[in-house]
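The values are calculated or read from the model by the stated rules, or taken from the named source; none is laboratory data. Small disclaimer: the values here were computed from a predicted structure and weren't measured. Ideal geometry is used to build each Cβ from the backbone, glycine not excepted, and the neighbour counts take in all protein chains shown.
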């Protein structure tokens with residue numbers, strides 16, 4: 001990969017809030033953003049990053065039945081009967097899509113990755129957050145094309161066991177055992193512990209990391225044993241491209257905003273929004289990053305032009321890291337809030353606009369509403 005751009009599959013899901021209780025297959029889902037149950041669907045998306053652009057390549061829509069047998073999908077029996085319904089041919093694409101509603105999202109994510117590879121998308125890594133990491137997920141990804149794909153993901157520090165030097169340890173036990181051997185990366189301004197272990201006979205490299213002396217430890221894992229900590233963090237940060245996709249598509253392209261009662265219309269709405277995003281990403285690529293002729297040069301060196309705005313953004317991120325370390329605030333939680341909350345985005349835009357304006361020597365920045 002030296003001199004070449006790293007390519008990645010990125011998989012994640014997002015909330016699709018709805019207001020109409022008569023929408024076909026509608027129900028309540030648990031939102032990890034607001035920490036409560038809301039009416040809507042979950043949108044599972046697979047994206048592809050080729051080193052310059054992120055594009056969505058596949059998706060599936062899911063609902064959650066829940067454990068309350070008296071209120072399946074979080075709705076009363078009378079509300080379930082009022083939902084729109086229609087008959088579909090078993091040979092139709094709409095019927096196949098409806099069968100995905102109740103599928104396990106981890107298994108369906110693996111299906112989407114296999115389908116993408118079958119259609120010619122090849123990546124170096126599959127990036128995911130801790131919710132997706134399991135023995136099935138890692139094993140299934142490594143079996144694709146004789147191990148052409150590696151997994152790089154955050155992992156929960158739970159009770160699962162890792163084999164190290166012939167003995168089994170949980171993540172917390174490994175952390176406590178090697179905490180005194182932590183190193184510091186000046187490049188990413190973080191403390192870390194690096195270990196090579198086996199999980200269910202799968203060789204893994206683990207990194208325990210935190211961004212301040214009293215910060216919360218996080219666990220990053222990969223099946224690529226050749227990766228260094230700095231490179232792993234650099235690659236894993238690409239995962240935020242799907243969060244940006246969700247935010248921009250919802251805000252500007254009305255992704256999953258349809259209130260149509262027919263489930264087929266919901267699928268069409270999502271498809272159209274994703275197609276719009278791909279076209280806009282393509283336009284930006286041609287306008288900023290490369291000429292059309294360069295698209296046909298297969299072995300060119302990787303180069304990404306930094307605009308003034310992006311230089312300012314990198315400066316802002318660096319300042320943010322330093323400030324978060326001083327305030328002893330976890331950087332991952334802070335970044336997630338910046339991406340998910342529109343008021344933070346408004347404030348950032350004002351700061352960058354003020355910095356980019358040479359005539360504005362003393363910008364007056366008001367707090368975002």
Test set (1) in contact with a strand residue (DSSP E or B) (Cβ under 7 Å, 6 or more places away or on another chain); (2) loosely packed, with under 14 Cβ neighbours inside 10 Å; (3) in the same structural domain as residue 120 (by TED's automatic domain parsing) - residue 184 fails condition number: (3)
Does residue 20 count as in contact with a strand residue (DSSP E or B) (Cβ under 8 Å, 6 or more places away or on another chain), at pLDDT below 95 and not in a strand (DSSP E or B)? no
Can you tell me which residues in segment 145-163 are closer than 18 Å to residue 177 by Cα, in a strand (DSSP E or B) and touching a helix residue (DSSP H, G or I) at 6+ places or on another chain (Cβ under 7 Å)? 162
Test residue 21 against the stated conditions and say whether it is within 25 Å of residue 111 (Cβ to Cβ) and more than 28 Å from the chain's Cα centre (by Cα). no
For segment 173-286, which strands (runs of 3 or more DSSP E) that fit wholly inside it have 3 or more residues that are more than 18 Å from the chain's Cα centre (by Cα)? 183-185, 190-199, 202-210
Can you tell me which residues in segment 119-132 are outside any strand (DSSP E or B) and under 19 Å from residue 241 (Cβ atoms)? 121, 122, 123, 124, 129, 130, 131, 132
Under 9 Å by Cβ, and 6 or more places apart or on different chains, what pairs join a residue from segment 220-234 that is buried (at least 21 other Cβ atoms within 10 Å of the Cβ) with one that is part of a loop (DSSP other than H, G, I, E, B)? 221/133; 223/147; 223/149; 232/224
